[in-house]
Amino acid sequence: MKPLKGKKSPTAKGDAAGKASCFAWDGETLVLNVLGQPSAKQDAIGNVKGHQLNVSVTEAAREGRATDHMLRFLAGEFGVTAATIEVVFGRFNVNKQLRILAPKKLPRVLALLQER
């Protein structure tokens, strides 16, 4: 993920181990790179792979339905409504970037990355 213009974030350039992260903060908005896995057995947030967070959803990848399902799933995980999550790119692709406005909570994998 490229560092955001005019914003300094320790996660934008990488974590303590020097590895790039899958997310950055732009003010109170969380910018998240996602690698989606449609047609999974269950909805789940996985580990970070490269510069992306693995997110599995049960919905099949047809006409953006998997992305819509992912937004509803992630809304619950971040304590926000689905309307507060914007798909920057990747609506019809497994590689996505999302902007989550003022998340109330962070999933464990992101919370651990942020603490580094």
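The values are calculated or read from the model by the stated rules, or taken from the named source; none is laboratory data. In this text the structure is predicted, and so the values were computed from the model without any measurement. Don't worry about glycine lacking a Cβ; one is built from the backbone with ideal geometry, like all the others, and counts go over all protein chains shown.
Okay, here's what the table says:
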{"quantity": "Selection from the stretch 69-107 of residues that are farther than 25 Å from residue 41 by Cβ and acidic (Asp, Glu)", "calculated": "86"}
{"quantity": "Residues being in a strand (DSSP E or B) and of a type in the set (Phe, Trp, Tyr) - total across the stretch 59-111", "calculated": "1"}
{"quantity": "Flag if residue 1 is within 22 Å of residue 94 (Cα to Cα), at pLDDT below 95, touching a strand residue (DSSP E or B) at 6+ places or on another chain (Cβ under 8 Å) and not in a strand (DSSP E or B)", "calculated": "yes"}
{"quantity": "Top-ranked residue in the stretch 95-116 [being at pLDDT below 95 and farther than 13 Å from residue 30 by Cα; ranked as surrounded by the most Cβ atoms within 10 Å (Cβ to Cβ)]", "calculated": "113"}
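Conditions (1) over 18 Å from residue 77 (Cα atoms); (2) at pLDDT 95 or above; (3) surrounded by fewer than 18 Cβ atoms within 10 Å (Cβ to Cβ); (4) in contact with a helix residue (DSSP H, G or I) (Cβ under 6 Å, 6 or more places away or on another chain), marked per residue:
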{"position": "27", "(1), (2), (3), (4)": "yes, yes, yes, no"}
{"position": "30", "(1), (2), (3), (4)": "no, yes, no, no"}
{"position": "33", "(1), (2), (3), (4)": "no, yes, no, no"}
{"position": "40", "(1), (2), (3), (4)": "no, yes, yes, no"}
{"position": "43", "(1), (2), (3), (4)": "no, yes, yes, yes"}
{"position": "50", "(1), (2), (3), (4)": "yes, no, yes, no"}
{"position": "53", "(1), (2), (3), (4)": "no, yes, no, no"}
{"position": "59", "(1), (2), (3), (4)": "no, yes, no, yes"}
{"position": "64", "(1), (2), (3), (4)": "yes, no, yes, no"}
